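Have a look at the structure below before the remarks.
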Amino acid sequence: MRSHTEYLSFNTRKHRAYVHITPQVETIVRNSGVRDGIVLVSAMHITAGVYVNDDESGLIADIDDWLEYLAPFRNHYQHHKTGEDNADSHLKALLIHHQVILPITGGKLDLGTWQRVFYAEFDGQREKRVLVKVMGE
Amino acid sequence: MRSHTEYLSFNTRKHRAYVHITPQVETIVRNSGVRDGIVLVSAMHITAGVYVNDDESGLIADIDDWLEYLAPFRNHYQHHKTGEDNADSHLKALLIHHQVILPITGGKLDLGTWQRVFYAEFDGQREKRVLVKVMGE
Amino acid sequence: MRSHTEYLSFNTRKHRAYVHITPQVETIVRNSGVRDGIVLVSAMHITAGVYVNDDESGLIADIDDWLEYLAPFRNHYQHHKTGEDNADSHLKALLIHHQVILPITGGKLDLGTWQRVFYAEFDGQREKRVLVKVMGE
C-alpha cells in the first residue's frame, strides 16, 4: 500500500469563505502515484469544514445563509465565557462536517459530474490548514 | 492491498426517497474477497446522500419531515436564478452527508445490531449513481 | 497493509453525554503498530455519534443546546408509534454524524492543535459500543 500526505494552507480575507480546492486535491493525487484508492481531505481546525457540492455562486450564497440561519452568530453562547466569540463557527463546522473521503479509480478522482470539493472557512483571516492523505496502490 | 469498485444505480419514482441498500453493499463486499478493511459508500451527486440508521418506516418519515423543516423547499433561493429549483435538495444532502465508511471484519460488514445503510434521494425521478469501493486484505 | 480493530464500550450515567476519547484512540493506534494510515472511529448504534471538536465544557454545553434546538425531543414523532420514545436521539445522531476518519502520520494521530475526538451519546444509560479500526503500514 502506498501512502502520500500533503497539507494545504489558507488565509481567507473574509471571516467566512468557501474555497474550491478540487484542482489542488487532483494535483496531490497525481503526485502520489496512486491509481486506485482513496484520498482523505480533512480540516485541521475546529472552526472549518470540508464538503462536496456544486461550484455555483448562488448556491454557495444559499449555503452560507442557511448555515447562519441554523447556527447563528450570537453573543450569549457559553463558550464565550472563555473570552472567545466564535461558538457559531464551531457549530457551522459540525453541521457541514470537517472531512470527506474521495475515491480514486484509474489514477483520477472518481467523482460525479457536478461534484467539487470545498474548504469552508468559518473563522478566517488567519492561517489554517487542511490535511490531504492519499492511500492505495 | 485489494481494491474493488462497483456502482449502484437508482431512478426513484418519487422526488424524495430513502432506499435501503445494505444487501447490495454486502454483495459487493462478498464480490471483493476482502476479509478485513473498509467500504466507502458515496453518492456521486450533489442532491443525494448516504447515511446509516434504522430501517423503520415511522423513523424514515420523521427524518424526511425533519429535513424538510431544516432545509425547506422555497422559491427564493439564489441558486434558482440559474433556472434550477432544487437548492433545498443540495442543503438536505449536505445535512445528511453524502457518504459513509463501513468497516469489514471477518469478511462481513461490522455494523451494530440496528445499523442499516440508506441511499437518500432528494431530487429523484432521474438516473443517479452511488460508488461502492472496498479496500483491504 | 496492516489492519487492527478494537471496540470501546460506554454506559453513560446521563441520557445525553459527550465523552472525550482521544486518549483511547491514541492507545489503539499505538497497539496497531501502524505508522502511516487512517483510523476509523465509528459508533455502532443509531442513537450515538462521533465527532471532532474542542474539549471545552462551555462549547460542549452549546453543542448540546444546539442539537436539542434543531432536533428536539417531542412526543409526536411517527417513530414513537412503535413504542419507542427516542426519535430525537436518531435525528441528533444524523446531524452530528456517527463516524470520523483520523489520519495517522509518523505513528501518531495527525490532528490540528485543538482537534479532539468525542463520543456523543444521545440515548444512554445502557451499554453502547464504538468500533476503532486502524489501517495502514
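Annotation note: Cβ proximity below 9 Å between a residue of the range A:1-13 that is loosely packed, with under 12 Cβ neighbours inside 10 Å and a residue that is part of a loop (DSSP other than H, G, I, E, B) (sequence gap 6+ or interchain) occurs for A:S9/A:E127; A:N11/A:G124; A:N11/A:Q125; A:N11/A:R126; A:N11/A:E127; A:R13/A:G124; A:R13/A:Q125.
Answer yes if at least one residue in the range C:85-103 is within 27 Å of A:T82 (Cα to Cα), of a type outside the set (F, W, Y) and in contact with a Pro (Cβ under 7 Å, 6 or more places away or on another chain), and no otherwise. For the range C:85-103, residues within 27 Å of A:T82 (Cα to Cα), of a type outside the set (F, W, Y) and in contact with a Pro (Cβ under 7 Å, 6 or more places away or on another chain): absent. Would a scan of the range A:108-115 turn up a residue that is within 29 Å of C:D64 (Cβ to Cβ) and in a loop (DSSP other than H, G, I, E, B)? No, the range A:108-115 contains no residue that is within 29 Å of C:D64 (Cβ to Cβ) and in a loop (DSSP other than H, G, I, E, B). Scanning the range C:87-95 turns up at least one residue that is more than 8 Å from chain A (Cβ to nearest Cβ), in contact (Cβ under 8 Å) with a residue 40 or more places away in the chain and over 25 Å from B:V39 (Cβ atoms).
Residues in the range A:55-100 that are small (G, A, S) and open to solvent by 20 Å² or more (accessible area, probe 1.4 Å): A:S57, A:A61, A:G83. Taken over the range C:110-124, residues that are facing another protein chain (nearest Cβ under 8 Å) and aromatic (F, W, Y) amount to 1. Quick check, is A:E127 open to solvent by 10 Å² or more (accessible area, probe 1.4 Å), touching a strand residue (DSSP E or B) at 6+ places or on another chain (Cβ under 7 Å) and more than 10 Å from every other protein chain (Cβ to nearest Cβ)? Here the answer is yes, as A:E127 does meet what is asked.
Of the numbered criteria (1) more than 10 Å from chain C (Cβ to nearest Cβ); (2) in contact with a strand residue (DSSP E or B) (Cβ under 7 Å, 6 or more places away or on another chain), the one B:H80 fails is (2).
Taken over the range A:32-67, the criterion of being more than 7 Å from every other protein chain (Cβ to nearest Cβ) and either in contact (Cβ under 8 Å) with a residue 60 or more places away in the chain or assigned to a loop (DSSP other than H, G, I, E, B) (or both) is satisfied by A:S32, A:G33, A:V34, A:R35, A:V39, A:V41, A:A43, A:T47, A:A48, A:G49, A:V50, A:D55. Quick one: which residue in C:E56, C:E6, C:E26, C:E68 is farther than 27 Å from A:A93 by Cα and acidic (D, E)? Going through C:E56, C:E6, C:E26, C:E68 in turn, just one is farther than 27 Å from A:A93 by Cα and acidic (D, E): C:E6.
The values are calculated or read from the model by the stated rules, or taken from the named source; none is laboratory data. Bear in mind that the values here come from a model prediction, so they are computed numbers and not experimental data. Here Cβ is always computed from backbone atoms with ideal geometry, including for glycine, and neighbour counts include all displayed protein chains. Side chains are part of the model used for accessible areas, which takes the heavy atoms of the whole protein and leaves out ligands, DNA and RNA. Shrake-Rupley method; radii C 1.70, N 1.55, O 1.52, S 1.80 Å.
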